[in-house]
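**Q** Shown below is the structure under consideration.
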Amino acid sequence: MKMCGIAGYTGKRKAGELLLKSIRNLEYRGYDSVGMCTLSGQGIEVRKGKGKVSEAAPELEFSSLPGTTGIAHTRWGTHGVPSEKNAHPHLSPSGKIAIAHNGIIENYLQLKEELRGADFRSDTDSEVIAHLLEKNYSGSLRDAMLKTMKMLNGTYAVCAICADSGKIVVARNGSPLAIGLGVGENFIGSDVSAFVEHTKKVVYLEDFEIAVLGEDSVEVFDREGRQVSPEVKKIDWSVECAQKQGYKHFMLKEIHEQPRVVRESVSAPFDFEMETRPERIFVVACGTAAYAGLTGKYILEKQAGIPVEVAPASEFRYSNPVIGEKDLFVAISQSGETADTLAALRLAKQKGAKTLGIINVRESTIAREVDSVVYTAAGPEIGVASTKAFLSQLVALYRLSSKLSGKELPLSSLPGKIEQVLLRSKSIRETAKKYFRVYNFLYMGRNFNFPVAMEGALKLKEISYIHAEGYASGEMKHGPLALVCDEVPTVAISPRDSVYPKMVSNIQEILARNGKVLAVATEGDREISGQATDVFEVPETEEELYPFLTVVPLQLFAYHVADLRDCDVDKPRNLAKSVTVE
Ligand code: F6R
């Protein structure tokens, strides 16, 4: 599996009802199929099907499953098409053990070969775990899991139950797994949103650890079966953070949370020190996080005068990067689980670079592996399209720049200005109504607003499925200008900054070719509003700070266009919130 949600419950309440809520909360992690099983006097009963929880749940009636112990799964598959047979949980041949898995079992074909003659019912890599557990079982699911873990190559968070006992056994290697500690009940989740409404106490398993959960006990063991005492942490966000709170979509709510997120990110702890100034900085990330990184390059080079290289993690890891002990490697990731970013980090460490993570999800794999971590204060980001995490990553990069240069920018003026942009959401929707049937969009910007053009285009394409490309405005003449016509509008990010006159020329080039221009401009800019077809205004600010403001109307524009096109904004097709495989 690429990225899935796993939930588990054991206690005195009806597992079916509780787990249904848990997988709804985890659905942002994947949503091609869904399943649940519970344990009762009748053994293990499994129900599963294709589609999102909301599509499958009414027919499968999860809430009516009998029993007070169970596991559930929402899937985003890599092996096997979305279907009932490929949905989790998977049963062992006799039906006495059931598992849900997140990750990828790399040697599953070889293991299947070794289990020759076994009757596999799915096309998944995961089913092999259920078979191995049964083969290795001689009365203790814990012991079977310890044996099985040694046979698996790849990444996994596995959650298993056995008809012989009311306990849940979980194992982890490289895929996230959290255990919620309740009173007379215990919980499992791929992340804490699975159970945050029931408990704030959490244990994160380390790689190669397993845990055995009963209603009154949680025991954790290392790979040799020795009991270890896990650290119990406190979840520092509330249930409301993971709810829509009246907004139609999480994405809209998260866009509106940005003033608070920036305010908190500006004052959050920033625990990063380097004894010597780095010779070079490498910023490595994927997607939106990489565009935050690219913005970081502009500020770091301008303020701190340190050369910065920005690379998509998927390229960095295969490019024989010349990086060493005198360099700083910065990994940016909302989820802290992105496979390419993690692999790039490991490579940088191998080469001796000092590493810093700018990470949102606490205790995630990347956060654990970097030398220093700065946690962004975005809170849980549920919408697949990243918005508030982007702004919080920008704050972290600007703070890093201040730290390295000793120069400060008035970041605390930003929340109020972002609020002013948000007040224009309605008029942005009106503009979206004019454009939501268009098939292609161009986005262009210069200097600090070049990454914003890339990010604006990414937002539009990923949630509305409209083709959109971002360019450095100076590049338009070198090719993309050929696309400009009255059917291909251009979004021009053109606030009043040092490259403004050049942007005005670029806008005129578009207009001269019958192109429509949607300009992001500084409030009261008559020159731009006199020329552009439509204008999204942002308050005036320092040149370096414009990305914090100019990206917001682009997020809102993408949102409203997607909503007008009836797209599933929070769960765009073919995408998942975090990509834990290459
Ligand atoms: C786009 C988006 C993705 C992520 C990318 C990196 O809206 O969400 O492009 O930014 O997959 O994910 P993280 O930050 O979790 O490493």
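**Q** Just give me the residues in segment 502-535 being open to solvent by 60 Å² or more (accessible area, probe 1.4 Å) and under 34 Å from the mean Cα position of the chain (by Cα), in sequence order.
**A** If the condition is that a residue be open to solvent by 60 Å² or more (accessible area, probe 1.4 Å) and under 34 Å from the mean Cα position of the chain (by Cα), then Lys516, Glu523 are the ones that fit.
**Q** On to the next question. With the structure loaded, tell me whether Asp216 is of a type in the set (Asp, Glu) and free of Cβ contacts under 8 Å to residues at least 60 places away in the same chain or whether it fails that test.
**A** On the way: of a type in the set (Asp, Glu): yes; free of Cβ contacts under 8 Å to residues at least 60 places away in the same chain: yes.
Here the answer is yes, as Asp216 does meet what is asked.
**Q** State all residues of segment 323-339 that are within 14 Å of the ligand (Cβ to nearest atom), modelled with pLDDT of 95 or more and over 20 Å from Glu257 (Cβ atoms); if no residue qualifies, say none.
**A** Result: Val330, Ala331.
**Q** Can you confirm whether Glu264 is of a type in the set (Asp, Glu), in contact (Cβ under 8 Å) with a residue 24 or more places away in the chain, away from the ligand (no atom under 15 Å from the Cβ) and in contact with a strand residue (DSSP E or B) (Cβ under 6 Å, 6 or more places away or on another chain)?
**A** So Glu264 does not fit the description; no.
**Q** Among the residues in segment 503-517, are any within 16 Å of the ligand (Cβ to nearest atom) and within 22 Å of Leu481 (Cα to Cα)?
**A** Checked against the condition, which is being within 16 Å of the ligand (Cβ to nearest atom) and within 22 Å of Leu481 (Cα to Cα), segment 503-517 yields no hits at all.
**Q** Then there is this: Just one of the numbered conditions (1) touching a His at 6+ places or on another chain (Cβ under 8 Å); (2) more than 21 Å from Phe548 (Cβ to Cβ) is not true of Glu369; which one?
**A** Going through (1) touching a His at 6+ places or on another chain (Cβ under 8 Å); (2) more than 21 Å from Phe548 (Cβ to Cβ) one by one, Glu369 breaks only (1).
**Q** Away from the ligand (no atom under 13 Å from the Cβ), out of contact with any strand residue (DSSP E or B) (no Cβ under 6 Å at 6 or more places or on another chain), more than 26 Å from Tyr31 (Cα to Cα) and not β-branched (Val, Ile, Thr) - does that describe any residue in segment 353-366?
**A** no
**Q** Return a yes/no flag: does segment 547-562 have any residue that is open to solvent by 30 Å² or more (accessible area, probe 1.4 Å) and in contact (Cβ under 8 Å) with a residue 24 or more places away in the chain. Steps first, please.
**A** Step one: of segment 547-562, the residues open to solvent by 30 Å² or more (accessible area, probe 1.4 Å) are none.
No: zero hits.
**Q** Of the conditions (1) of a type outside the set (Phe, Trp, Tyr); (2) modelled with pLDDT under 90; (3) open to solvent by 30 Å² or more (accessible area, probe 1.4 Å), Gly30 fails just one. Which one is it?
**A** It fails just one condition, (3).
**Q** All but one of (1) within 16 Å of the ligand (Cβ to nearest atom); (2) assigned to a helix (DSSP H, G or I); (3) not β-branched (Val, Ile, Thr) hold for Phe450; state the number of the condition that does not hold.
**A** (1)
**Q** Can you name the condition, by its number, that Leu423 falls short on among (1) in the same structural domain as Gly305 (by TED's automatic domain parsing); (2) more than 16 Å from the ligand (Cβ to nearest atom); (3) without any contact (Cβ under 8 Å) to a residue 40 or more places away in the chain?
**A** (1)
**Q** Is it true that Lys477 is away from the ligand (no atom under 16 Å from the Cβ), more than 22 Å from Leu252 (Cβ to Cβ) and at pLDDT below 95?
**A** Here the answer is yes, as Lys477 does meet what is asked.
**Q** Any residue that is farther than 25 Å from Ala457 by Cα and either outside any helix (DSSP H, G or I) or open to solvent by 40 Å² or more (accessible area, probe 1.4 Å) (or both) - is there at least one of those in segment 329-339?
**A** Among the residues of segment 329-339, at least one is farther than 25 Å from Ala457 by Cα and either outside any helix (DSSP H, G or I) or open to solvent by 40 Å² or more (accessible area, probe 1.4 Å) (or both), which makes the answer yes.
**Q** How many residues does segment 380-410 contain that are assigned to a loop (DSSP other than H, G, I, E, B), away from the ligand (no atom under 14 Å from the Cβ) and small (Gly, Ala, Ser)? Before the answer, list the steps.
**A** Here is the first cut: in segment 380-410, the residues assigned to a loop (DSSP other than H, G, I, E, B) are 380-387, 406-410.
Now restrict to residues that are away from the ligand (no atom under 14 Å from the Cβ): 406-410.
Okay, now just the ones that are also small (Gly, Ala, Ser), so 406.
Total meeting the criteria: 1.
**Q** Given the criteria of a type in the set (Lys, Arg) and open to solvent by less than 10 Å² (accessible area, probe 1.4 Å), does Lys253 qualify?
**A** yes
**Q** Quick check: anything in segment 428-436 of a type in the set (Gly, Ala, Ser), under 28 Å from Gln508 (Cα atoms) and buried (at least 20 other Cβ atoms within 10 Å of the Cβ)? So that I can check it myself, show each step before the final result.
**A** We begin by selecting, within segment 428-436, every residue of a type in the set (Gly, Ala, Ser); these are 432.
So of that shortlist, the ones also under 28 Å from Gln508 (Cα atoms) come out as 432.
Going one step further and asking which of them are buried (at least 20 other Cβ atoms within 10 Å of the Cβ), we end up with 432.
Yes - at least one qualifying residue is present in segment 428-436.
**Q** With respect to Tyr439, determine if the residue is surrounded by 15 or more Cβ atoms within 10 Å (Cβ to Cβ) and aromatic (Phe, Trp, Tyr).
**A** For Tyr439, the condition - surrounded by 15 or more Cβ atoms within 10 Å (Cβ to Cβ) and aromatic (Phe, Trp, Tyr) - is not met.
**Q** Additional query: Restricting attention to segment 563-575, and to residues there that are open to solvent by 10 Å² or more (accessible area, probe 1.4 Å) and among the aliphatic types (A, V, I, L, M), which single residue is farthest from the ligand (Cβ to nearest atom)?
**A** Only one residue fits best here, namely Leu564.
**Q** Which condition number does Pro58 fail, the rest of (1) at pLDDT below 90; (2) assigned to a loop (DSSP other than H, G, I, E, B) being met?
**A** Tallying (1) at pLDDT below 90; (2) assigned to a loop (DSSP other than H, G, I, E, B), Pro58 fails exactly one: (2).
The values are calculated or read from the model by the stated rules, or taken from the named source; none is laboratory data. Note that the structure is a prediction, hence the values are computed from the model and not measured. Cβ coordinates were reconstructed from backbone atoms using ideal geometry, including for glycine residues, and neighbour counts include every protein chain displayed. SASA here: full protein model, heavy atoms, side chains in, ligands and nucleic acids out. Shrake-Rupley method; radii C 1.70, N 1.55, O 1.52, S 1.80 Å.
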